[in-house]
């Protein structure tokens, strides 16, 4: 639509220039030093195109070819003027109606969500999070300040629920379903805004899982006191640079894994619930191969910070243990579906993929 409007405007401007210069040229040839002024020629072109009938301000009868030129401008200009006006009207009306219908469609999609993730901010960090949420198949909604930014991201990553608003306001957080959400990721650039979001979310939904971006160590401690998981991009970036130097092949392998759009393989975790059919069983009793590409990397013991890397088959799974997999998303879905049918209550922790990867990297067990 914008392209059509530019074309129509260019054609109209072209007709005005041709008309003005045409009248001026004809008068210069016929009258010499007494030729019409450029302003009079422009005015004559305007009243000809608009057919307002104010009367001729220049004497076209005494200039050879001026009347035929007027007919030419009138015939060509009317079509161009009509095209420009119709295109401009469509741009204004359809653009506003399109935005209205878009908002209503987004509102319906957001109202249907439950147990979803709220992403606050789709900027330099947020758009990478958005892409990962899309690839992982998680239900999510984006809250961004401007509709233009949302439309840009939707054009890049495909359709997804979103709302233009301020993530620091209670009303906007309630509008994106904060009461029904399972987690929220605050990826705003300002630490104060992220702190405000964490405080607000903790009040609106005490059970909510909160992950927030942070640049300052001072703010990091405050956010952790509120029960938020803090990710510091600068810290992770530094570890990444060191790892690139120390173990380049491993880092390259992880990069390829995360960027592969055909075979979506990720580091994922599954928590064993108290009623799980696997609680009390040994690792060797589980045939992971039947689900597909599903590799058990580690087990994080419940209630402790101990991690069993590449666990032995005799390890006995306990309630609260977390199994960390490298898995294709489809294989992981099949595993969860099969386990759920055996009354395993699976709860997917919204843990940053980067945190798990770097924990494995730094430990030297990958």
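Of note:
- Check on residue 229, modelled with pLDDT of 90 or more and either touching a strand residue (DSSP E or B) at 6+ places or on another chain (Cβ under 9 Å) or assigned by TED's automatic domain parsing to the domain that holds residue 184 (or both): yes
- Pick from the stretch 155-195, criterion in a helix (DSSP H, G or I) and within 16 Å of the chain's Cα centre (by Cα), ranking: nearest to residue 118 (Cα to Cα): 157
- Among the residues making up the stretch 101-121, those that are outside any helix (DSSP H, G or I) and either closer than 18 Å to residue 153 by Cα or touching a residue at least 24 places away in the same chain (Cβ under 8 Å) (or both) are 113, 114, 115, 116, 117, 118, 119, 120, 121.
- Matching residues in the stretch 123-154 - criterion: being in a loop (DSSP other than H, G, I, E, B), touching a residue at least 60 places away in the same chain (Cβ under 8 Å) and closer than 21 Å to residue 191 by Cα: 123, 124, 125
- Scanning the stretch 265-285 for residues that are buried (at least 16 other Cβ atoms within 10 Å of the Cβ) and either outside the structural domain of residue 312 (by TED's automatic domain parsing) or in contact with a strand residue (DSSP E or B) (Cβ under 8 Å, 6 or more places away or on another chain) (or both) yields 265, 266, 267, 268, 269, 270, 271, 272, 273, 283.
- Apart from one condition, residue 231 fits all of (1) under 30 Å from residue 196 (Cβ atoms); (2) over 26 Å from the mean Cα position of the chain (by Cα); the exception is (2).
- Subset of the stretch 136-150 (residues that are surrounded by 15 or more Cβ atoms within 10 Å (Cβ to Cβ) and farther than 14 Å from residue 115 by Cα): 136, 142, 143, 144, 145, 147, 149, 150
- Taking the listed residues 215, 240, the one that is closer than 22 Å to residue 145 by Cα, touching a residue at least 12 places away in the same chain (Cβ under 8 Å) and out of contact with any strand residue (DSSP E or B) (no Cβ under 9 Å at 6 or more places or on another chain) is 215, with no other qualifying.
- Filtered by the rule that a residue be assigned to a strand (DSSP E or B), within 22 Å of residue 280 (Cβ to Cβ) and at pLDDT 50 or above, the stretch 314-353 gives 316, 322, 323, 324, 325.
- Remark: pairs (first residue in the stretch 287-312, assigned to a loop (DSSP other than H, G, I, E, B); second residue loosely packed, with under 15 Cβ neighbours inside 10 Å and modelled with pLDDT of 90 or more; Cβ separation under 6 Å; 6+ apart in sequence or on different chains) are absent.
The values are calculated or read from the model by the stated rules, or taken from the named source; none is laboratory data. These numbers were taken from a predicted model, which means no experiment stands behind them. Positions of Cβ are backbone-derived with ideal geometry, glycine not excepted, and every protein chain shown enters the neighbour counts.
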